[in-house]
Amino acid sequence: DTGVSQDPRHKITKRGQNVTFRCDPISEHNRLYWYRQTLGQGPEFLTYFQNEAQLEKSRLLSDRFSAERPKGSFSTLEIQRTEQGDSAMYLCASSLEGEETQYFGPGTRLLVL
Amino acid sequence: LAKTTQPISMDSYEGQEVNITCSHNNIATNDYITWYQQFPSQGPRFIIQGYKTKVTNEVASLFIPADRKSSTLSLPRVSLSDTAVYYCLVGEWSGNTPLVFGKGTRLSVIA
């Protein structure tokens, strides 16, 4: 058990609906990352927070995607107007400043019908 | 970040030693080599990291030759539970660098 939790573990939605995922990092970790993984591929970076500041966003993060970490603890990832191409596993990871190892959560598997 | 090349898949019988080689010809001086393991329906898990020569922990060994253009992850006496995808990552991990994953090597352990 890495200590990173994600909710929900699975989400099925219809195209055009909005969805929100939550990530709770390991409590003392100040860095939090979101990745997306499609079938047969490795995880791809989406965005990264240090405390409550969003420091980097990938080009994969279209304007339909928004991530927040309001108090520097848990984070949410929202996808608006979902498309079938958004179907993937969304992974959250956290790390401690000064340490390279990222600890991943179990992921949220999204299916857009 | 240095590009990595590793086999798409490997098969092994239980109890055998498995060696997965990763090529990274363009590795930079400050780059480290890191391996992650991912089981189905789970997030990746850090296995081992090294810079040069040999690193060993309770899970695996990592062999890195002097030129550092490749590395080999060695899993001793694999069991069915070692069936997973193994990713080789190369980069200057300063802690604020996103991890860059390739497609990894899918290891299947059979009885």
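Taken together, the values in this text are just the output of simple stated rules run on the coordinates, not laboratory data. Being a predicted model, the structure only gives us computed values, none of them experimental. Cβ atoms come from the backbone with ideal geometry, glycine included; neighbour counts cover every protein chain shown.
Working from label points 7 Å from Cα in the Cα-to-Cβ sense, the A:THR38 to A:GLU78 distance is 2.5 nm.
Return the FRET efficiency for the residue pair A:LEU113, B:ASN25: r is the Cβ-Cβ distance, R0 is 45 Å, and the value is rounded to the nearest 0.05. So the FRET efficiency works out to roughly 0.55. One way to sum up the overall shape of the protein assembly as shown is the equivalent ellipsoid from its Cα gyration tensor, whose semi-axes run 30, 20, 15 Å, largest first.
Between the alpha-carbon centres of the range B:10-47 and the range A:74-92 there is a gap of 27 Å. Extension gain for B:ALA66-B:THR53 works out to 4.0 nm (0.36 nm per residue, less the C-alpha to C-alpha distance).
Taking a ≥ b ≥ c as the square roots of the eigenvalues of the Cα gyration tensor, the range A:2-113 is classed as prolate, since a/c reaches at least 1.5 and a/b is larger than b/c. Both the radius of gyration and Dmax for the range A:8-65 are 13.0, 37 Å, in that order, over alpha-carbon atoms.
Across the alpha-carbon atoms of chain B, the computed radius of gyration and Dmax are 13.3, 41 angstrom. State, to one decimal in nm, how far the label point of A:LYS14 lies from the label point of B:ASP11, with both points 7 Å from Cα in the Cβ direction. Going by the 7 Å Cα→Cβ label model, 4.5 nm. Each Lys and Arg Cβ is given +1 and each Asp and Glu Cβ -1; about its Cα centre, the protein assembly as shown then shows a dipole of about 600 debye. Each Cα pair under 8 Å and six or more residues apart adds its separation to the average, and for the range B:39-96 the resulting relative contact order is 23 percent.
Comparing B:VAL100, B:VAL59, B:VAL85 in a Gaussian network model of chain B, where Cα atoms under 10 Å apart are tied by springs, the biggest mean-square fluctuation is seen for B:VAL59. Choose one answer from A:GLU99, A:GLU44, A:GLU28: the residue with the largest mean-square fluctuation in a GNM of chain A with alpha-carbon springs under 10 Å. Taking springs between Cα atoms under 10 Å, the residue moving most is A:GLU99.
Full extension of the chain between A:ARG64 and A:ASP7 yields a length gain of 18.5 nm, computed as 0.36 nm times the residue separation minus the alpha carbon distance.
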